[in-house]
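For reference, the structure is listed below as structure tokens.
Read-outs throughout are calculated quantities, based only on the coordinates presented, and are distinct from any laboratory measurement. Please read these numbers as outputs of a predicted model, since none were measured by experiment. Don't worry about glycine lacking a Cβ; one is built from the backbone with ideal geometry, like all the others, and counts go over all protein chains shown.
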Amino acid sequence: MRQIFYRPDRLPAPLTGIPVAPITQALGWGDGPGQPGYNQLVQLPYPASHEKLWREDHVYDLIVVLGYNDDPVVSGKGSAIFLHVARPDLSPTEGCVAVAREDLLDLLKTVKPGDTLTVR
């Protein structure tokens with residue numbers, strides 16, 4: 001678990017031991033294989049394919065950046081793999097891990113630098 005981003009207009013900064021930063025409307029995540037910024041935080045507007053982190057739904061109100069395909073980044077191996085807030089119906093994600101907001105907030109209280117998450 002590398003870093004946490006949160007929507008400051010929807011919740012306070014979470015209590016946690018890893019770096020926390022607010023999401024702004026100018027933040028995105030590069031997801032175009034072969035493009036500069038692939039699987040990295042990017043500033044919007046951004047000319048290549050990307051996800052906007054500031055969303056109308058609530059799933060990205062709280063995002064934990066997982067250390068997947070980031071050391072080093074390999075184009076096409078996967079991008080924007082986050083731990084984030086689940087939809088109310090707990091429907092599947094497009095490759096991320098999602099849990100209820102309160103469960104995620106509780107988990108983050110125990111996290112410290114160097115901690116890992118195993119997805120099974």
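Structure above, values below:
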| item | result |
| --- | --- |
| Amide H within-cut-off set for Ile81, under 5 Å, with H built and near neighbours excluded | none |
| Whichever lysines have a C-alpha closer than 21 Å to that of Lys77, once near sequence neighbours (fewer than 8 apart) are set aside | Lys52 |
| Estimated [θ] at 222 nm from DSSP helical runs (n ≥ 4, -39500 (n - 2.57)) normalised by residues in the chain, nearest 500 | -2000 deg cm²/dmol |
| Under Karplus coefficients 6.51, -1.76 and 1.60, residue-wise ³J(HN,Hα) of the range 71-86 in Hz, glycine/proline x | 8, x, 6, 10, 4, x, 7, x, 9, 6, 8, 10, 9, 9, 6, 6 |
| Cα-based reach from Lys109 at 14 Å (exclusive), listing aspartates and glutamates while leaving out same-chain residues under 8 positions away | none |
| Gained length - Trp54 relative to Ser91, 0.36 nm times residue gap less alpha-carbon distance | 11.3 nm |
| Point-to-point label distance, Thr24-Leu11, nm (Cα→Cβ direction, 7 Å offset) | 2.2 nm |
| Under 5 Å, built H, 5+ apart or other chain: amide partners of Arg2 | Val65, Leu66, Gly67 |
| Which label in (1) 37, 15, 12; (2) 31, 21, 10; (3) 22, 17, 14 gives the computed semi-axes √(5λ) of the Cα gyration tensor in Å | (3) |
| Size of electric dipole in the chain: Cβ of Lys, Arg +1 and of Asp, Glu -1, about Cα centre, debye, nearest 20 | 180 debye |
| Antiparallel DSSP beta bridges within the range 1-113, percent to nearest 5 | 65 percent |
| Sequence-distant residues sharing a close amide H with Trp54 (under 5 Å, placed H) | Leu27 |
| Phi-based couplings in Hz for the range 8-13 (Karplus 6.51, -1.76, 1.60; Gly and Pro marked x) | x, 7, 10, 7, x, 4 |
| Whole-number percent relative contact order across the chain, with pairs defined as alpha carbons under 8 Å at least 6 apart | 27 percent |
| Hz values of 3J(HN,Hα) by residue in the range 108-115 - Karplus curve (6.51, -1.76, 1.60), Gly and Pro given as x | 5, 5, 9, 7, 9, x, x, 5 |
